[in-house]
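This report concerns only the one structure given below.
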Amino acid sequence: MGVPQGGPLSPLLANVVLNELDWELDRRGHRFARYADDCNIVVKSKRAGERVMASVTRWLSDRLKLTVNPLKSAVDRPYNRKFLGFTVSRNRSKLKVADQAMDKLKDRIRELTRRTRGRRLEQIIAELRKALLGWKAYFGIAEVMSPLRDIDKWIRRKLRCYIWKQWGRAGYRELRKRGVSVREAWNTSKSAHGPWRLSKTPALSLALSVKVFAQMGLPALAERQA
């Protein structure tokens, strides 16, 4: 009948069956990495890759009676492929979080910071902290930091937008309480622009700085763990 996708039994059975593949690849002297049914074999050229792909596909079919999915398999440059949520950068081959993993994280953040949820800011940040620390525990080994810094900036902007919407008519007073000048606070609070555009203004960046969010418990993805 098959095994439900995402269940814990599926990778376990894959490891039992594909353990023999590991032995075969090792016997052939290949460099490879495998996790359950996801396997990357590293070779020196496209020609060698095509030869190994054909050979391994044939071996899996003849020996283990398994079919390689042609839609999910390819001979390609490492930076065009992803493995367990990671890829490598084009220039210096550094470990990088794959775009698909970043998109999933952003979807989760959008869900948590949705203004219609009606949650208090403390609750939002507590939920974000739990999600971000869990994500960072897995992806924290990434070496390319620029996409993570961009996500950090985007999260803070989302929160500034959320807070500004909550302040409503008290926006001017709240900005002044947080050290924003009279002129900046007045121009921002009387602006015709919407909350998302205002979330990038100097006034909100000063009132709700990186330090302020850190004190609230918001972790930074681009900050290296000690």
Point to revise | For A142, distant residues with modelled amide H under 5 Å away | key: none
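With the cut-off at 26 Å, tell me which of the pairs K130/K177; K82/K136; K65/K94; K153/K177; K46/K72; K46/K82 have Cα atoms farther apart than that.
Distance filter (> 26 Å) returns K130/K177; K65/K94.
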Review point. If you roll a 1.4 Å probe over the chain with all protein chains in place, what percent of the accessible area is carbon or sulfur?
Key: 51
Point to revise | 3J(HN,Hα) from dihedral phi, the stretch 147-156, Karplus parametrisation 6.51/-1.76/1.60, rounded to Hz, x for glycine, proline | key: x, 6, 5, 5, 5, 4, 5, 5, 5, 4
**Study point:** the chain: equivalent-ellipsoid semi-axes (sqrt of 5 x gyration tensor eigenvalues, Cα, Å)
**Key:** 49, 18, 14
Exercise for review: Answer with one residue from A203, P4, A33: the one whose Cα lies farthest towards the positive end of the charge dipole of the chain, charges on Cβ with Lys, Arg +1 and Asp, Glu -1.
Suggested key: A203
Exercise for review: Quick one: accessible surface of I41, probe radius 1.4 Å, all protein chains present, in square angstrom to the nearest 10.
Suggested key: 50
Review point. What list of whole percents do you get for P(r) of the stretch 139-226, with Cα-Cα distances grouped in 5 Å bins up to the one holding the largest distance?
Key: 2, 14, 24, 22, 14, 10, 7, 4, 2
Exercise for review: At 0.36 nm per residue, minus the direct Cα-Cα distance, what do W186 and R90 gain on full extension? Give it in nm, one decimal, please.
Suggested key: 29.9 nm
Practice item. Could you give log10 I(q)/I(0) at q = 0.18 Å⁻¹ for the stretch 94-136, computed by the Debye formula over C-alpha point scatterers of equal weight, without solvent? Key: -0.56
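In deg cm²/dmol, rounded to 500, what helix-only [θ] at 222 nm does the chain give when every DSSP H run of at least 4 residues adds -39500 (n - 2.57) and the total is split over its residues?
-17500 deg cm²/dmol
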Review point. Applying the Karplus parametrisation 6.51 cos²θ - 1.76 cosθ + 1.60 with θ = phi - 60° to the phi angles of the stretch 82-89, what ³J(HN,Hα) value in whole Hz is obtained for each residue in order, glycine and proline being reported as x?
Key: 10, 9, 6, x, 10, 9, 10, 6
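The values are calculated or read from the model by the stated rules, or taken from the named source; none is laboratory data. The model shown is predicted, which means the values in this text are computed figures rather than measured ones. Here the Cβ is made from the backbone with ideal geometry for all residues, glycine too, and neighbour counts use every protein chain on show. What goes into the accessible areas is simple: the full protein's heavy atoms, side chains included, and nothing from ligands, DNA or RNA. Shrake-Rupley method; radii C 1.70, N 1.55, O 1.52, S 1.80 Å.
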